[in-house]
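Read the figures in this text as sums done on the coordinates, not as results from a lab. From a predicted model like this one, the values you see are computed outputs, not experimental measurements. A quick note on method: Cβ atoms are made from the backbone with ideal geometry, for glycine too, and the neighbour counts reach across all protein chains shown.
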Amino acid sequence: MKNEMWVEFDAKSVNEGFARVTVAAFLTQLDPTLDEISDVKTAVSEAVTNAIIHGYEKEEGKVRLSCALDGDTAVITVEDQGTGMEDVRKAMEPFYTTKPELERSGMGFSFMEAFMDEIQVESEIGIGTRVTLKKKIGAKEDGNWDGCGDSSY
């Protein structure tokens, strides 16, 4: 099964929650666990927040969010046409931030990497940034709902 959606919204912090809920609702067709939904929502939140805060700084702009389901894999893309990054590797280092005055922890990419199976970041100065997140949905450990390994009581 292949299914896709995309949405574009203003690069405003109030729209970060909208992005999280939109992707979560789209993923429900794969019957994800609550943990899987939480992981994806966290990663999407970080990617969208980065696009808003770092991509556009104080300028107006748009964020494009897309999600494709290919079998049991979700491929989520967050794109901006903002300032871009000079050094993607440096930006992805834990605790690295260009906005310490905004109390940014510099852990956004680390969280994305921790919660998703794969992350790819492409960026070009003056052109923008594209973050692609991949996660296999339904990769339950042993099929037991409580994770204890014993379903008898």
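Some notes on this structure:
- For peptides 64-71, 40-47, sequence by mean Cβ density within 10 Å, most packed first: 40-47, 64-71
- Peptide ranges 17-26, 73-82 listed from the most packed, as the mean C-beta count within 10 angstrom indicates: 73-82, 17-26
- Karplus (6.51, -1.76, 1.60) ³J(HN,Hα), θ = phi - 60°, over the range 17-25, in Hz, Gly and Pro reported as x: x, 4, 4, 4, 5, 4, 5, 4, 5
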